Every structure is written in structure tokens, then in C-alpha cells.
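The values are calculated or read from the model by the stated rules, or taken from the named source; none is laboratory data. Everything numeric in this text was worked out from a predicted model, so none of it was measured. Counting neighbours? That spans all protein chains shown, and the Cβs are built from the backbone with ideal geometry, glycine included.
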Amino acid sequence: MPSLSSGPFRGLFSGRSRRSVLVVLAGALMVALLVVAVVMWRGSQVTTFERAVAQAPEDTARMTYVDWSGLRAELGVTLSARSSTEELGDLLDRGFDRDLTGPSGLLESATSLHERFRLSPAVLEWESLAQSPAGAAITLALPASYDFDALGDRLESIGYARPRDASGVWVGGPEMLSRNAVGVSPLFQHLVLLEEEGLVLASDEAPYAGIARDAALGEDALEPEGVVGEADDPLSAIYLVGDFGCGALAMSQADPDSEQIAASLVREAGKINPYTGLVVSAQPGGDLRMSFGFANSDQARINATTRARLAEGPAPGQGGDFTDRFSLESATADGSLVTLDLRPADEDSYVFSDLSSGPVLLATC
């Protein structure tokens, strides 16, 4: 059998040819390494908000999010599990005044959770609340230093039944909660502790707590739409999945006169299309952002113009004009996404709350 350096192959791997092949192989290796580096870099650019969304159950229709670590930094507040309830209350009051805590599912339970569970906005990294037709679940992200063993002991002393599995459901129930943890939301009837992931999950239904656990571990989880990435790393956000926002913020919630005025304003502004997802977010520094997804880039270009026009006009169903509440800093289309960057007129205007509950003309479909 001829070798690779004899017969018809003679010279193919000799001298200069070998050097050329080595150069080509080295170049190919560099390209491959560059591709891997780019992929790893892109992966590292996933925001905390995107990670939170990707850990929610796939049937989620509405998700709220609060970055408690970022919010504490924004307000210049340092707290711990041993902080007083007065210090925690000050954080919540200041966050409310800045219109940053509205999406939280913990506000009514915060003091009791802090006192009994040592689990509250004083120590959380972030919080999300996922709601679907099948159920609701809160996800609480904790710092790496948090003591999950101590939390388990506290839960057992409160009255939860410890599961056999480390990732099983801690069963409480309404009677136990009302008897031993007064002031804590019914959503905390059943819990799951995921120490490795640094998460505590809660739901008022034990089966849905299990669904939330599976999603947090990557099974049947929500796939973040492009609008989620457009929100960057918000202090708080409301994500309306798919076409859910078209109903949740619809002008049909307004009185008939306001609805008629809205229809006229839309005709004047130009064509609009239903969106495929919407995130309303509060950004660090005080600005707001509305991120819309559309079926294609043509729709995005059209809606960037028409929704910008609506954002600079009357706000039927809410009263007055949008310009009384905020200024439109920019309206951009990028592929199938539209982003409106807004600057509130003042810190007391509660624009975030206004734009995340209907009716909202500029979010109409």
C-alpha cells in the first residue's frame, strides 16, 4: 500500500506544502476559537432579567420582576436579614415613592416574611411573579452567602412539612399559614428550596410549585422573546407575554367616550399592528422603556412611527396628555422590535404604574 508520501501522493505533504497545510489548519483553529469566544461572550451578556424570565413556567402570560439588589443600590440603602422592620419599611416606602416596587408580589407580606422567614427585600437579589391560567408562582433569588439550612430549620419550626427530596415541595397549606405566619401571602403556602441555584419558589398550589421548580431547573420553561433583552437590566419590569398585553392594556377598558376618542387618535396616527410581546420597564436613573415585539421588521418600522405619535398626544382613559407625564426621548425599530425610551416629567408622576395597567392608548392593538 502506498504511503502518503509516495506514489500519487508524493509531494502533497512535502516541504512547503506541509507548511501551507499547517498554516491553513492553524487559521481554521483560530477561527473556531474565535467563534467559541463570541458564543461565550454572548452568553455572558444575558441579563439578570432574561435569566429570571427563562426560569418561569412556559405557560406564563404575565410576569413581574423587581431587582431588589439594584433597587437598594439605586436608593443608597444597605440592609441584611438582621435589619429592623423599620429599616425594611423605609426601603419599601422609598421604593414606592419612586414607583419602582409596584410589580412586587411581596409588599403586603414583606414585614412578616422578614420577621419569621428572614426572607425579604432586605436580602433578596431579585424577585419575579409568574402568572398563568394554570397558577401563579413567586421566585426569590438569594445571594451566594444565604444559609439555606437555617431557612429549612425555620420553615420546619413554622409548620411546613419537610420534603424527602432536597428539591421537593415544602407543604404548608392555608390553615398552617394563617395560624403560624400571619400576614404572609397565600402564595407562600407551598415552597421549594433550590440551594444550588440560589432560589426559593412559592405557590398557593403544591402541584404548581412543582411546575415552577421544573421550570427553574430548565424543564418546560418560558422562552424569552426579544423584547426581554431590549429591556436590558431594569430595576423593575412587567412582561406581557405574546398577545396578552393586547387585552390587558386594551382601550376597551375605558369608558365609551374615551374609547371613541382613542379610535380617532389611532386613525390620525397611522397604521398599528398587534404586538407579539411587551415589556414595560423602569431603568436605573429614573427613565422608563417600552419594548414591543412585532411579526416582522416592516411592522416594527411602521409602529415605531405611529406609537411615537400616540405617545406625544392625549391619553384617553387616563386623563390629560402623555406629555404631562413624560417626554419621548427616542423611538427606534431594530429588526422586529420597537423601543420607546421615556423620561418621566418628575419623580412623583407614577408613569410606570400608568403604563403597565390599562387602558394605555400607545399600547393598543
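On inspection, Leu106 fails the criterion of being under 22 Å from Gln283 (Cα atoms) and without any contact (Cβ under 8 Å) to a residue 40 or more places away in the chain. Within region 264-275, is there a residue that is among the charged types (D, E, K, R) and crowded, with 18+ Cβ neighbours inside 10 Å? Within region 264-275, none of the residues are among the charged types (D, E, K, R) and crowded, with 18+ Cβ neighbours inside 10 Å.
Restrict the check to region 173-186 and report whether at least one residue is surrounded by 14 or more Cβ atoms within 10 Å (Cβ to Cβ), within 20 Å of Asp214 (Cβ to Cβ), touching a residue at least 24 places away in the same chain (Cβ under 8 Å) and of a type outside the set (Gly, Ala, Ser). There is no residue in region 173-186 that is surrounded by 14 or more Cβ atoms within 10 Å (Cβ to Cβ), within 20 Å of Asp214 (Cβ to Cβ), touching a residue at least 24 places away in the same chain (Cβ under 8 Å) and of a type outside the set (Gly, Ala, Ser).
Residue under question is Ala250, and the condition is that it be in contact (Cβ under 8 Å) with a residue 12 or more places away in the chain, under 26 Å from the mean Cα position of the chain (by Cα) and farther than 18 Å from Phe49 by Cβ; does it hold?
Criteria met by Ala250.
Within region 309-338, restricting attention to residues that are out of contact with any Phe, Trp or Tyr (no Cβ under 8 Å at 6 or more places or on another chain) and among the β-branched types (Val, Ile, Thr), the residue that is farthest from Gly226 (Cα to Cα) is Thr323.
Considering only region 266-281, I want to know if a residue exists there that is in a loop (DSSP other than H, G, I, E, B), under 23 Å from the mean Cα position of the chain (by Cα) and farther than 14 Å from Val227 by Cβ.
Looking through region 266-281, none of the residues is in a loop (DSSP other than H, G, I, E, B), under 23 Å from the mean Cα position of the chain (by Cα) and farther than 14 Å from Val227 by Cβ.
Within region 271-295, the set of residues being of a type in the set (S, T, N, Q) and in contact with a helix residue (DSSP H, G or I) (Cβ under 9 Å, 6 or more places away or on another chain) comprises Asn273, Thr276, Ser281, Ser291.
Within region 211-223, residues that are of a type in the set (D, E, K, R) reach partners that are assigned to a loop (DSSP other than H, G, I, E, B) and surrounded by 11 or more Cβ atoms within 10 Å (Cβ to Cβ) with beta carbons closer than 8 Å, at six or more positions or on different chains, in the pairs Arg213/Ser167; Asp214/Asp220; Asp220/Glu58; Glu223/Ala54; Glu223/Glu58. Could you look through region 317-365, keep only residues that are assigned to a helix (DSSP H, G or I) and acidic (Asp, Glu), and pick out the one that is nearest to the chain's Cα centre (by Cα)? Out of the qualifying residues, it is Asp354.
The sole residue among Ala254, Ala295 that is crowded, with 16+ Cβ neighbours inside 10 Å and more than 25 Å from Gly70 (Cβ to Cβ) is Ala254. Of the candidates Leu140, Leu88, the single residue that is touching a helix residue (DSSP H, G or I) at 6+ places or on another chain (Cβ under 8 Å) and at pLDDT 95 or above is Leu88. Among the residues making up region 146-172, those that are touching a strand residue (DSSP E or B) at 6+ places or on another chain (Cβ under 8 Å) and either of a type in the set (Gly, Ala, Ser) or under 19 Å from Ser120 (Cβ atoms) (or both) are Phe148, Leu151, Gly152, Leu155, Tyr160, Ala161, Ala166, Ser167, Gly168, Trp170, Gly172.
Restricting attention to region 101-141 and to residues that are in a loop (DSSP other than H, G, I, E, B) and hydrophobic (A, V, I, L, M, F, W, C), the residue that is surrounded by the fewest Cβ atoms within 10 Å (Cβ to Cβ) turns out to be Ala134.
Scanning region 285-316 for residues that are touching a residue at least 60 places away in the same chain (Cβ under 8 Å), over 30 Å from Ala73 (Cα atoms) and part of a loop (DSSP other than H, G, I, E, B) gives a single hit, Pro316.
Within region 142-157, the set of residues being among the aliphatic types (A, V, I, L, M), under 26 Å from Thr64 (Cβ atoms) and not in a loop (DSSP other than H, G, I, E, B) comprises Leu151, Leu155.
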